[in-house]
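The values are calculated or read from the model by the stated rules, or taken from the named source; none is laboratory data. Since the model is a prediction, treat every value here as computed from it, not as a measurement. Note: ideal-geometry Cβ built from the backbone for every residue, glycine included; neighbour counts use all protein chains shown. Keep in mind that these areas ignore ligands, DNA and RNA; they rest on the heavy atoms of the full protein, side chains included. Shrake-Rupley method; radii C 1.70, N 1.55, O 1.52, S 1.80 Å.
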Amino acid sequence: MNTATLMIIEDDDFQYEIYEEALASYRLLRVSTATEALRRIPKDPPDALILDHVLDKGELGLNFLPQLKELLPFVPIIVVSGALEVHQQLKALQGPRRAHYCLTKPVDIRVLKATVETALKECGERELVRQIEALERSHRVDAAELFTRSTDRLSRQTHIREQVQKSNERPNISALSRQFGVARRTIIRDLQELIRRGELAAESYPEWENPSETDEPGA
């Protein structure tokens, strides 16, 4: 199995030593500014990125989030900083150009390891694939449900038409509602659709009669 590559944007040598020890099982790429990271990413794209906020040359890491996400749209970004207010952390975790995680310094080594492991397993491309699959499943379920409902409606309307055409009396809405296990308004709508399609004569269900009674259970 290939070792995941982590890019660490951190200007503090002591902090980077902590990363070296805690994340020794990964391939680490270190840069001290976000500008340098933007130059290096196209040549050596990482599987995850750890970003400090206060960087060398006066750069602020969060200011570069949009550009980093542009280059790495499916790569998880973990912000690790001790210089962020709560509202800044929340902002970093929101919107389309967001980071996936925001940890505070001094960082807990166990939390850092667990966060990196989870980010590599659950975020980025895998996250996108899950979202697409969920959307596809949702569409399939919706389509199947709509098809079933449509088929049921057409079958019910066919039986209603046959019964009405065989009878000299006006349709009994309540009786049809009980027979097919649907609400009264559903039967009324079926009759109106049959009339609009020319499958029933208009006098079968006069437009002026549209009773509004409590609906009975049913689809």
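At a threshold of 8 angstrom on Cα-Cα distance, excluding pairs fewer than six apart, so keeping six or more, what relative contact order does region 1-98 reach in percent? Mind dumping the intermediate values first?
Details: 133 pairs, mean separation 27.1, N = 98.
Computed value for region 1-98: 28 percent relative contact order.
Which Rg and Dmax, in Å, describe the Cα atoms of region 24-130?
13.1, 39
Can you give the accessible area of Thr104 in Å² (nearest 10), computed on protein heavy atoms with a 1.4 Å probe?
70 Å²
Residue-wise, which Karplus ³J(HN,Hα) couplings in Hz belong to region 8-20, taking 6.51 cos²θ - 1.76 cosθ + 1.60, θ = phi - 60°, and x for glycine or proline?
10, 9, 8, 9, 8, 4, 5, 5, 5, 4, 5, 5, 4
Using a 1.4 angstrom probe with every protein chain in place, what is the largest-first accessible-area order of Val86, Val54, Val31?
From most accessible down to least: Val86, Val54, Val31.
For region 56-101, which GluC sites (Glu not before Pro) pass both filters: DSSP loop (anything but H, G, I, E, B) and at most 14 other C-beta atoms within 10 Å?
Numbers: sites: Glu59, Glu70, Glu85; in loops: Glu59, Glu85.
Qualifying residues, ordered by number: Glu85.
Give the long-range amide H neighbours of Leu103: residues separated by 5 or more places, or on another chain, with amide H under 5 Å away, using H modelled in the peptide plane at 1.01 Å from N.
Amide H neighbours of Leu103: Val79, Val80, Ser81.
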